[in-house]
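The values are calculated or read from the model by the stated rules, or taken from the named source; none is laboratory data. Note that the coordinates shown come from a computational prediction; the quantities given were computed from them, not determined experimentally. Ideal geometry is used to build each Cβ from the backbone, glycine not excepted, and the neighbour counts take in all protein chains shown.
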Amino acid sequence: MTPTTSPHSPAVTLETLRANIAAIERRIAAACARAGRPTDAVRLLPVTKTVDEATLRLAYAAGVRQMGENKAQEAYGKWQAMRDLADLRWCVIGHLQTNKAKLVAQCAAEFHALDSLRVAEALERRLQAQGRSLDVLVQVNTSGEASKFGLPPQDVLPFMRQLPAFSALRVRGLMTLALNAPDPARVRQCFVLLRQLRTQLQQDLAWGAQLHELSMGMSGDFEWAIEEGATIVRIGQAIFGARPAPAAATPPAQAGDRPSPG
């Protein structure tokens, strides 16, 4: 099935959110079936970038128990505002500046965009001070685009070899953003590369067996990602509706940024 690239209507009611989530879950199940994988091998991570608290509370009522935010400030603010929902987990999935590490260390259960030792050191320091640990994924730039964050594939193994020094970081796998292109083969190649890289790491690292996760695929391409081995798909617009148009000047792409992204 070709992933949809059509605009998504805003989800403003509980019924709409339930219907959207159910539709995504059916598509996940179908993609898993095509790939010969069990449906429970893939986790749906709703991406809440720009979504207001009222809508997020409706999503919670619809059964959502984990949410992904691109920006640490937004994740922290929403975490604070919704702390009454004790079983709601927050995942920070976008690029992190070291001066925002304290926010992630407080509010996040997962961080999907580790790509530098400076960020690892900042998170380690903050987490140790709080007596916490954090599941992390290493971001890889599989498309080779200068507009995207993440390590070049050839730099991942030497980077990963240094991570055991950070005892508060539990490294669980890899994350990527695929090329935003109409050619399925070019998009899929980004996912294939991440899967192959994880296999290499599992073989080359003494602790590689703990690298279970592949966070890849968003609203426009998640079915292809699942067919290529994704364990986490980051879906925003297909659940919550289209986001406001971005400003003319845009920074490097993050885990929920693309014309038809998660």
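Of the residues making up the stretch 134-144, at least one is touching a Leu at 6+ places or on another chain (Cβ under 8 Å) and farther than 24 Å from Glu223 by Cα.
In the stretch 124-139, which residue that is under 16 Å from Ile93 (Cβ atoms) and of a type in the set (A, V, I, L, M, F, W, C) is surrounded by the fewest Cβ atoms within 10 Å (Cβ to Cβ)? Walk me through it before giving the result.
Pass one, the stretch 124-139, residues under 16 Å from Ile93 (Cβ atoms): 134-139.
Going one step further and asking which of them are of a type in the set (A, V, I, L, M, F, W, C), we end up with 134, 136-138.
Values: Leu134: 23, Val136: 27, Leu137: 25, Val138: 25.
Among them, the one singled out is Leu134.
Just for the stretch 137-168: of the residues that are aliphatic (A, V, I, L, M) and under 17 Å from the mean Cα position of the chain (by Cα), which one is farthest from Ala225 (Cα to Cα)?
Initially, the stretch 137-168 is screened for residues aliphatic (A, V, I, L, M), giving 137-138, 140, 146, 151, 156-157, 160, 163, 165, 168.
From what is left, the residues that are under 17 Å from the mean Cα position of the chain (by Cα) are 137-138, 140, 151.
Details: Leu137: 17, Val138: 17, Val140: 15, Leu151: 19 Å.
Ranking the qualifying residues of the stretch 137-168, first place goes to Leu151.
Just checking, does the stretch 143-150 include any residue being outside any helix (DSSP H, G or I), aromatic (Phe, Trp, Tyr), at pLDDT 95 or above and at negative phi? Yes, the stretch 143-150 contains at least one residue that is outside any helix (DSSP H, G or I), aromatic (Phe, Trp, Tyr), at pLDDT 95 or above and at negative phi. Of all residues being among the aromatic types (Phe, Trp, Tyr) and surrounded by 18 or more Cβ atoms within 10 Å (Cβ to Cβ) in the stretch 140-181, which is nearest to Glu121 (Cα to Cα)? Just the residue, please. Filtering first and then ranking leaves Phe166.
Can Met216 be described as in contact with a helix residue (DSSP H, G or I) (Cβ under 6 Å, 6 or more places away or on another chain) and crowded, with 22+ Cβ neighbours inside 10 Å? Taking the combined requirement at face value, the residue satisfies it.
Checking each residue of the stretch 170-189 against the condition of being in contact with a strand residue (DSSP E or B) (Cβ under 6 Å, 6 or more places away or on another chain) and part of a helix (DSSP H, G or I) gives no match.
Within the stretch 244-257, can one find any residue that is at pLDDT below 95, on the phi > 0 side of the Ramachandran plot and in contact with a His (Cβ under 6 Å, 6 or more places away or on another chain)?
No, there is no match, as no residue in the stretch 244-257 is at pLDDT below 95, on the phi > 0 side of the Ramachandran plot and in contact with a His (Cβ under 6 Å, 6 or more places away or on another chain).
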